[in-house]
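The values are calculated or read from the model by the stated rules, or taken from the named source; none is laboratory data. Predicted model, so just to flag it, every value in this text is computed and none were measured. Please note: Cβ atoms are built from the backbone with ideal geometry, for glycine as well, and neighbour counts cover all protein chains shown.
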Amino acid sequence: MTAPQTEARVVTIVDLQIQNILSVENALRVVGAKVEVVRDAAAIANADLLVLPGVGSFRAAAERLHGSGMAEAIKQHAVARKRPVVGLCLGMQLLADFSEEHGVHAGLGLIPGKVIRLEEAPPDYRVPNVGWREVSLDEKAMKLLPEALNNRSYYHVHSYHFQTIDPTHTTGTSTFGPSTIASVVQRGSIVGTQFHPEKSQEAGLDLLHALITGLR
């Protein structure tokens, strides 16, 4: 793992209180971040780098974001203040315009696109997609992430995937049977990973370190 930065950066985790964020907290501390956890919109106002983790239902997470005012606060943070946001797993999907998971539900609209169900390819590729998948990074991603992180395997757990409108916003891909899926999306300083970096061993920790030191 890359050595932690000398001066710890403050990373703010958005806790929707419907997910377990402890593993994300621990991983960020391991790579040298000073971690703060927020549970309301007002606390986002002074954040530097936001991390939006998540597992489970898009609908429940989206309702929590929009109902609490945190959705608008995150959009102000990313668009008006032009500060970085990192979405992990479900947090990445929440960056989209909407999801088709159990109905149509609005996301944050920070990266244009939609979240749709994975297509199964029996007998080897059944939904959910659980396990280690090799991720290929493009040139845009390589400006932010070390070359050593290209074509590494990361731990995925998901039944739906992010389909970006602008293909240049998909900066890392993996395969699920015959399908190519977005494993990393990026629009400026807004980045999402479909996989769990905090569960992806050394490569995942190095990726988190690169994000918290490289995103400005």
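Quick rundown of the values:
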item	result
Positions within the range 50-77 being more than 18 Å from LEU118 (Cα to Cα) and either in contact with a Pro (Cβ under 8 Å, 6 or more places away or on another chain) or of a type in the set (Lys, Arg) (or both), in sequence order	LEU50, ARG64, LYS75
Extreme residue, nearest to MET92 (Cα to Cα), among residues of the range 36-73 that are of a type in the set (D, E, K, R) and either in contact with a Phe, Trp or Tyr (Cβ under 7 Å, 6 or more places away or on another chain) or not in a loop (DSSP other than H, G, I, E, B) (or both)	ARG59
Whichever residue in the range 103-161 is among the small types (Gly, Ala, Ser), in a strand (DSSP E or B) and out of contact with any His (no Cβ under 8 Å at 6 or more places or on another chain) and, among such residues, is surrounded by the fewest Cβ atoms within 10 Å (Cβ to Cβ)	ALA121
Neighbours by Cβ (under 9 Å, 6+ apart or cross-chain): first from the range 168-191, at pLDDT below 95; second in a loop (DSSP other than H, G, I, E, B)	GLY177/LEU118; GLY177/GLU119; GLY177/GLU120; GLY177/PRO122; GLY177/ASP124; PRO178/GLU119; SER179/LEU118; SER179/GLU119
PHE58 without any contact (Cβ under 8 Å) to a residue 24 or more places away in the chain, surrounded by 15 or more Cβ atoms within 10 Å (Cβ to Cβ) and touching a His at 6+ places or on another chain (Cβ under 9 Å)	no
Some residue of the range 92-100 being modelled with pLDDT of 95 or more, more than 20 Å from SER159 (Cβ to Cβ) and surrounded by 22 or more Cβ atoms within 10 Å (Cβ to Cβ)	no
Residue in the range 102-122 that is within 17 Å of the chain's Cα centre (by Cα), modelled with pLDDT of 95 or more and over 28 Å from ALA71 (Cβ atoms) present	no
Residue that is nearest to GLN93 (Cα to Cα) [pool: residues in the range 169-204 that are assigned to a helix (DSSP H, G or I) and under 14 Å from the mean Cα position of the chain (by Cα)]	HIS169
Matching residues in the range 24-64 - criterion: being acidic (Asp, Glu) and within 29 Å of ALA203 (Cα to Cα)	GLU25, GLU36, ASP48
Filter result for SER153 (within 22 Å of GLU202 (Cα to Cα), of a type in the set (Ser, Thr, Tyr) and in contact (Cβ under 8 Å) with a residue 12 or more places away in the chain)	yes
